[in-house]
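To start, the structure itself, in structure tokens.
The values are calculated or read from the model by the stated rules, or taken from the named source; none is laboratory data. This one's a predicted model, so the numbers in the text were calculated from it and none came from an experiment. Backbone-built Cβ (ideal geometry, glycine too); neighbour counts: all protein chains shown.
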Amino acid sequence: MKKTLSDAFNAEMYMAKQMYLQKNYIKCYHHLERAHILGQRNYLPHVKNHFWMCKVGFKQRDMREVAGQVLRMVMSLFSLLDSPFFHTVPVGNTGRARVSPIKRMPIPPDLVQHFK
């Protein structure tokens with residue numbers, strides 16, 4: 001993972017954790033979704049992100065989110081296969097259980113710079 005991408009991912013995860021501690025789960029998910037977009041092509045950040053989404057799901061007693069995140073933690077293995085020639089990870093996907101794990105989504109304009 002490039003340093004600028006890693007820094008952006010870590011900044012979003014930091015904000016997500018701050019919102020989690022404040023029990024502001026809506027903003028926590030917002031930052032986790034942004035972190036997912038940034039980290040989804042890198043195995044460890046990808047799994048870490050889904051773990052935190054699962055953790056928030058537990059706090060909210062949202063079993064659909066928890067089940068979806070457990071499935072996505074397993075599916076994160078596909079990020080190990082991703083390469084410039086073989087794309088297994090859907091670009092821009094926010095990683096939430098309410099979104100298909102194979103759906104491509106637009107990357108927010110302020111994050112696009114990390115994918116050039």
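Residues of segment 2-29 that are in contact with a helix residue (DSSP H, G or I) (Cβ under 7 Å, 6 or more places away or on another chain) and modelled with pLDDT under 95: 4, 5. Residue 40: under 19 Å from residue 23 (Cβ atoms) and in contact with a helix residue (DSSP H, G or I) (Cβ under 8 Å, 6 or more places away or on another chain), yes or no? Considered against the rule, which asks whether it is under 19 Å from residue 23 (Cβ atoms) and in contact with a helix residue (DSSP H, G or I) (Cβ under 8 Å, 6 or more places away or on another chain), residue 40 comes out as no. Please go through segment 1-14 and pick out each residue that is part of a helix (DSSP H, G or I), among the hydrophobic types (A, V, I, L, M, F, W, C) and out of contact with any Leu (no Cβ under 7 Å at 6 or more places or on another chain). Answer for segment 1-14, where residues must be part of a helix (DSSP H, G or I), among the hydrophobic types (A, V, I, L, M, F, W, C) and out of contact with any Leu (no Cβ under 7 Å at 6 or more places or on another chain): 11, 13. Applying the condition of being without any contact (Cβ under 8 Å) to a residue 60 or more places away in the chain and within 26 Å of residue 77 (Cβ to Cβ) to segment 15-29 and asking which residue is farthest from the chain's Cα centre (by Cα) yields 20. Can you spot a residue in segment 40-56 that is surrounded by fewer than 22 Cβ atoms within 10 Å (Cβ to Cβ), over 18 Å from residue 101 (Cβ atoms), in contact (Cβ under 8 Å) with a residue 24 or more places away in the chain and among the hydroxyl-bearing types (Ser, Thr, Tyr)? The answer is no; no qualifying residue exists. Within segment 52-72, the only residue that satisfies the criterion of being at pLDDT below 95 and closer than 18 Å to residue 12 by Cβ is 72.
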